[in-house]
């Protein structure tokens, strides 16, 4: 992870007669991060935060989350309180799923959180389960995330030995690696014994999810944020960020920066400050990807005029999404990089509808033709992008379409070079990360 700023304390709240003080400024989520990068043990976690029993709970916690304005940290930024309310008072006892599948190749924030601060995630899951009346909690991680799974298993054993969470049954589940696995209906289908592929809605998970029960699916960072709100309250949470977009976020920053990694950032921070936190740029960049591979490309000059806010990014048809920010160095071939990722996204299709099976394959082939300089496929690309958008069984075609559409604008000059000379001045270095086995140049 990124550098740890010094920690001060402020914003005291009192719960069950125990006064605890929340961190002032940043870091918040990462305030107890160990220097050696190992998982924080239960004893030091409890010394700092107390247990879930010491925190705001039940209906009071739901109200506190609503007052905080906490939005989901998984990508969609859906209001957390609305999701909680959707399962409160359901006719069947609900189930809680902590989503740590993180299929986005450009993001590592959820794995970093599970690896280093598993008790904060588990506290959030237990607190949410108690608030909505659930007794079953599933914590889902990517099947290849062995270190993260091990950290969770150790944390759960610590909690069992200390008789925490006695009313809950908490299970760690390994989901297959895949870009769409973390989509909540895909996760539900997997937990119900099916393939990890998105399903048609309705019904939505809050209506019928794991075992047919109403199910609350929350990203693991969202749950960690909620755990802090349960200790320190909504006013404390709002001390960072802006009125409309409060709090902090974990972001994976990579590419042409001196210290790539996972950073905790205040919403509303200027983009210049975000890059400065990483030690600055290593050289010239040709574009900045915001939100991962379901995100959008922004020209460097535009990026450095923006703040870390969805409301400002929306003016460039961008959003924070998976909170992955990648500065593409200009010494790699942008068009070749785009072709690699577009083919990857096509290969990660769930294969359940025409826009994915046929549309994304056609878009990937057209991008490859642009990269080789074989033909100007931009008119066909623009038409196919419009044809797949909004017509898929899930959001996968929409995300891929936005990635390509923004790239056609930001990298128009590089595309012209490819069409004129068959290439540009740089080779494709594979800067945009892909899972092992998909890294093609």
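Could you give the length gained by full extension between residue 301 and residue 78, i.e. 0.36 nm per residue of separation minus their alpha carbon distance, to one decimal place?
77.3 nm
For the range 384-427 and the range 182-226, what is the separation of their C-alpha centers, rounded to whole Å?
Between the Cα centre of the range 384-427 and that of the range 182-226, the gap is 30 Å.
Just the number, please: percent antiparallel of the DSSP beta bridges in the range 248-329, rounded to the nearest 5. Please list the in-between numbers first.
Working: 16 of 20 bridges.
Here the share of antiparallel DSSP bridges comes out near 80 percent.
Starting from the Cα of residue 163, step 7 Å along the direction of its Cβ; do the same at residue 317; then give the gap between the two resulting points in nm.
With each label placed 7 Å out from Cα toward Cβ, I get 6.0 nm.
Among rounded, prolate and oblate, which fits the chain when a ≥ b ≥ c are the square roots of the eigenvalues of its C-alpha gyration tensor, a/c under 1.5 means rounded, and a/b larger than b/c means prolate?
Numbers: a/c = 2.07, a/b = 1.52, b/c = 1.36.
Since a/c reaches 1.5 and a/b is larger than b/c, the shape of the chain is classed as prolate.
If I model a spin label as a point 7 Å beyond the Cα along the Cα-Cβ vector, how far apart are those points for residue 347 and residue 272 in nm?
According to this spin-label approximation, the distance is 4.1 nm.
Antiparallel DSSP bridges in the chain: what percent, to the nearest 5? Mind dumping the intermediate values first?
Details: 25 of 47 bridges.
Taking every DSSP beta bridge within the chain, about 55 percent pair in antiparallel fashion.
Sort out for me the Cα centre separation of the range 94-138 from the range 308-341, rounded to whole Å.
Their Cα centres are 27 Å away from one another.
In deg cm²/dmol, rounded to 500, what helix-only [θ] at 222 nm does the chain give when every DSSP H run of at least 4 residues adds -39500 (n - 2.57) and the total is split over its residues? Show your work: numbers first, answer last.
Details: 16 runs with 169 residues, N = 441.
For the chain, the value works out to -11500 deg cm²/dmol.
Tell me, what is the percent relative contact order of the range 311-392, built from C-alpha pairs under 8 Å that lie six or more residues apart? Write down the numbers at each step before the final one.
Values: 57 pairs, mean separation 20.6, N = 82.
Once normalised by length, the contact order is 25 percent.
For the residue pair residue 420 and residue 153, what label-to-label distance in nm results when each label sits 7 Å from Cα along the Cα-to-beta-carbon direction?
5.8 nm
Computed from the coordinates by the stated procedures, all read-outs in this text should not be read as laboratory data. In this text the structure is predicted, and so the values were computed from the model without any measurement. Don't worry about glycine lacking a Cβ; one is built from the backbone with ideal geometry, like all the others, and counts go over all protein chains shown.
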